[in-house]
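For reference, the structure is listed below as C-alpha cells.
The values are calculated or read from the model by the stated rules, or taken from the named source; none is laboratory data. Quick caveat: nothing in here was measured; it's all calculated off a predicted structure. Heads up, the Cβs are rebuilt from the backbone with ideal geometry, glycines too, and the neighbour counts pull from every protein chain shown. In case anyone asks, the SASA skips ligands and DNA or RNA and just uses the protein heavy atoms, side chains included. Shrake-Rupley method; radii C 1.70, N 1.55, O 1.52, S 1.80 Å.
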Amino acid sequence: MPDPRPEVLDFLLTRRSRPAKTLAAPAPDREMLTRILTAAARSPDHGKLEPWRFIVLEKPALTRLADMVRAQGPALGQPPEAVEKAASAYANSPLAVVVVASPKASPKVPEIEQLLSAGAVCLGLLNAASAAGWGANWLTGWPTHERAVLPEALGLREAETIAAIIHIGTETVAPPERPRPDIAAITEWVAE
C-alpha cells in the first residue's frame, strides 16, 4: 500500500514559476542555496554519471554578464529590444544558477538520457527553491545559445551547453494563474 504525501502532491499541483523580472533581493544565502542544489541533484541520473553541474551567479557576476550581453548583442545581429530584454534579466536578478548540461561518454547511457537528466535537475531546482519559500524562474534566451556569449564567458567545455538559468529571489508580486494543459487531450490510455 502506498504511503501518500498529500502536502507534497498539493505543492506540485499548485507550484508556479515567478517571473524573473518580479524577483528581488534578498536571495538565498550560500547555506540555503546548497540545500536547494542538493535537493535538485537528487534527480534521475541513469548510470550515476552526474551529466550536469551548477554555476552560481551572484550579483557582481550578473552585472558583468548584463554588460557583456549589451556589448555583444548588436554585433551578433540581435535587435536592440532583444539585447535589452536579455541584459535586464541578468542586471535585475539577485541570484541565478546556471545548470550546465555536461554529458559524459558512456556505452550504456545515451546522450539524450543525460540531457533529460539535466532537464530534471532544472525542474528539481525550481521546485526546491519554491518549496524553500523563494521565487524562481527558468530562463534561457539567445545569450545562452550563442557560444561566444554566456557559454564562453562561463568557461563551458566544448560538449557542454546551458540547460537553464534559474533566477532565484524574493517574490515581489504573486503572478496570476495561467491556463494549464487539458490532461484528457494529451493523455492516451493503453490497456492491451
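From largest to smallest, what semi-axes in whole angstrom does the chain give when each is the square root of 5 times an eigenvalue of its alpha carbon gyration tensor? If you can, show how the numbers build up before the last one.
On the way: eigenvalues 165, 100, 62 Å².
Working from the Cα gyration tensor, I get semi-axes of 29, 22, 18 Å.
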task = With runs of 4+ DSSP H residues as the only contributors, calculate the mean residue ellipticity of the chain at 222 nm using -39,500 (n - 2.57) per run, divided by the residue total and rounded to the nearest 500.
result = -12000 deg cm²/dmol
Centre separation in Å (Cα based) which lies between region 51-91 and region 2-37 = 24 Å
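Could you work out the relative contact order of the chain? I mean the mean sequence separation of Cα pairs under 8 Å and 6+ apart, divided by the number of residues, in percent. Present the calculation step by step, with values, prior to reporting the outcome.
Numbers: 280 pairs, mean separation 62.1, N = 192.
In percent, rounded to a whole number, it is 32.
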key: Ranking by accessible area, most exposed first, for Met32, Met68 with a 1.4 Å probe   = Met32, Met68
key: Using alpha-carbon coordinates, inclination of helix 59-72 to the longest axis of the chain, degrees   = 60 degrees
request  = At 1.4 Å probe size, with every protein chain present, just tell me what the per residue accessible area of region 30-176 comes to in Å².
outcome  = 50 Å²
query = So what does His145 come to for accessible area, using a 1.4 Å probe and Å² rounded to 10?
reply = 130 Å²
remark   = Once Lys and Arg are counted +1 and Asp and Glu -1 for all other residues with Cβ under 12 Å from that of Ser130, the total becomes +2
Long-range amide H partners of Trp52 with built H, under 5 Å = Ser102
message = Helix 80-91 against the longest principal axis of the chain: what's the angle in degrees, Cα atoms only, rounded to the nearest 10?
response = 70 degrees
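What does the charge count near Ala120 come to, summing +1 for each Lys or Arg and -1 for each Asp or Glu among other residues with Cβ under 11 Å from its Cβ?
That works out to -1.
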key: Rounded percent of accessible protein surface that carbon and sulfur make up, region 59-192, 1.4 Å probe   = 61 percent
key: Accessible-area order (highest first, 1.4 angstrom probe) of the listed residues Arg157, Arg18, Arg42   = Arg42, Arg157, Arg18
